[in-house]
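Only one structure is covered here, and it is reproduced in the block below.
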Amino acid sequence: MGYFVVTKKKLMLSSFVILFGIIIAVCIAYGASKVVGTMQDKKDIPIYSVDTQEKKVAITFNCAWDDKDIDALLRILEGYNAKCTFFVVGQWCETYPESVRKLAEAGHEVMSHSDTHADMTQISNEQIQAEIQNSCDKIQAVTGARPTLFRVPSGSYNSEVVRAVRDAGLECIQWNIDSVDWKKPGAETIVERVMGKVENGSIVLFHSGAPDTPTALPQILGQLQKKGYEFVTVSSLIYPAPYTLDHEGRQHQDL
């Protein structure tokens, strides 16, 4: 009958091997959980603003209601040499093609705001693609230029929506300053709201058809102009890929 003699040295070696195995297993499990957590936490978001040292700001309008103030807005923008970006719903483009043509002829960008102003988070990927393509087709038919930017209706998006927009070859654009002009707060409130938040690289949201905007807009443009700001389109403000977005959607240029 044989005997297995356990020496102190062997016991210490065995304990070390077991401890080392436990440490490795814990590290692997922790690392895997961190990877899974990172993948789950990662969200795709639109561009909200741009990190720049230049005093530039992008004035934008969403067009989904009527066109009764388009001529007035164009006169105001021309008076301040302001070029801006109009995000147009496809159905609005169909209803008011002459206004869309005026926007383009005045040197403003006409980009997509969907085809029917549907909530992008409540429809399928195929329907999202149809909303994008149909609206772009209609805008291109009127202006001769195909949109390269997209703004989700009502600011409603999730990662799947943002990815779908980018898969369609467009950049998804949000805003970091909301005038909330559609709530009819009064021109003074709109001016204070915008001027209190504006900074280099801001993207400001207005709406066509908002009654207080034609009164507030020249005050905002005048004050920004005195501060040395230049009014540019979104396309000329944002950086081309590759770029980085921080957690607030501020776009940073990759050097």
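The values are calculated or read from the model by the stated rules, or taken from the named source; none is laboratory data. Given the structure is predicted, the values throughout are model-derived calculations rather than measurements. For neighbour counting, all protein chains shown are included, and Cβ atoms are generated from backbone atoms with ideal geometry for every residue, glycine included. Calculation scope for accessible area: heavy atoms of the full protein, side chains included, ligands and nucleic acids excluded. Shrake-Rupley method; radii C 1.70, N 1.55, O 1.52, S 1.80 Å.
Ordered by packing density, taken as the mean number of other Cβ atoms within 10 Å over each peptide's residues, highest first, how do 119-130, 180-191 rank?
Details: 119-130: 14.8, 180-191: 17.0.
For the peptides 119-130, 180-191, the packing ranking is 180-191, 119-130.
Subtracting the Cα-Cα distance from 0.36 nm times the residue separation, let me have the gained length for Asp119 to Leu245 in nm, one decimal.
43.0 nm
Where Rh denotes the Kirkwood radius from the mean inverse Cα pair distance, what is Rg over Rh for the stretch 193-255?
1.02
Using a cut-off of 20 Å between alpha-carbon atoms, which aspartates and glutamates can reach Lys183, once sequence neighbours fewer than 8 places away in the same chain are excluded?
Asp66, Asp67, Asp69, Asp119, Glu192, Asp212
Heavy atoms only, probe 1.4 angstrom, no DNA, RNA or ligands counted: give me Leu224, Leu245 ranked by accessible area, highest first.
Working: Leu224 0, Leu245 45 Å².
I get Leu245, Leu224, largest accessible area first.
Viscosity 0.692 mPa s, temperature 37 °C: give me the Stokes-Einstein translational D for the stretch 96-203 in µm²/s, with Rh taken as the Kirkwood radius over C-alpha pairs. Walk me through the numbers on the way to the answer.
Values: Rh = 15.3 Å.
Translational diffusion coefficient: 214 µm²/s.
Using the Cα centre of the stretch 44-130 as origin and beta-carbon charges of +1 (Lys, Arg) and -1 (Asp, Glu), tell me which of Trp65, Ala104, Leu77 is placed farthest towards the positive end of the dipole.
Selected residue: Leu77.
How much length would be gained if the chain were fully extended between Thr95 and Ser159, taking 0.36 nm per residue of separation minus their Cα-Cα distance, in nm to one decimal? Could the numbers behind the result be given before it?
Working: separation 64, 0.36 × 64 = 23.04 nm, distance 3.13 nm.
Extending this stretch completely gives an extra 19.9 nm.
Report, in listed order, any pair from Lys43/Lys197; Lys184/Lys226; Lys138/Lys227 with a Cα-Cα distance greater than 28 Å.
From the list (Lys43/Lys197; Lys184/Lys226; Lys138/Lys227), the Cα-Cα distance tops 28 Å for Lys138/Lys227.
With each label point set 7 Å from Cα along the Cα-Cβ vector, what nm distance links Arg146 and Leu255?
Once both label points are built, they end up 3.5 nm from each other.
With all distinct Cα pairs included, what does the Kirkwood hydrodynamic radius of the stretch 81-133 come out to in Å, to one decimal, could you say? Provide the component values of the computation, followed by the final result.
Details: mean 1/r = 0.0837 Å⁻¹.
Roughly 12.0 Å, rounded to one decimal.
Give the residue from Ile203, Leu217, Tyr243 lying farthest towards the positive end of the charge dipole for the stretch 199-255; charges sit on Cβ (+1 for Lys and Arg, -1 for Asp and Glu) and the dipole is referred to the Cα centre.
Most positive-ward Cα: Leu217.
Calculate, for Arg166 and Met195, the FRET efficiency according to 1/(1 + (r/R0)^6) with r their C-beta to C-beta distance and R0 35 Å; round to the nearest 0.05.
Details: r = 33 Å, r/R0 = 0.93.
Rounded to the nearest 0.05, the efficiency is 0.60.
Report the local net charge at Ser114: Lys and Arg +1, Asp and Glu -1, summed over other residues whose C-beta lies under 12 Å from its C-beta.
-1
Tell me, how many Å apart are the Cα centres for the stretch 194-221 and for the stretch 126-171?
24 Å
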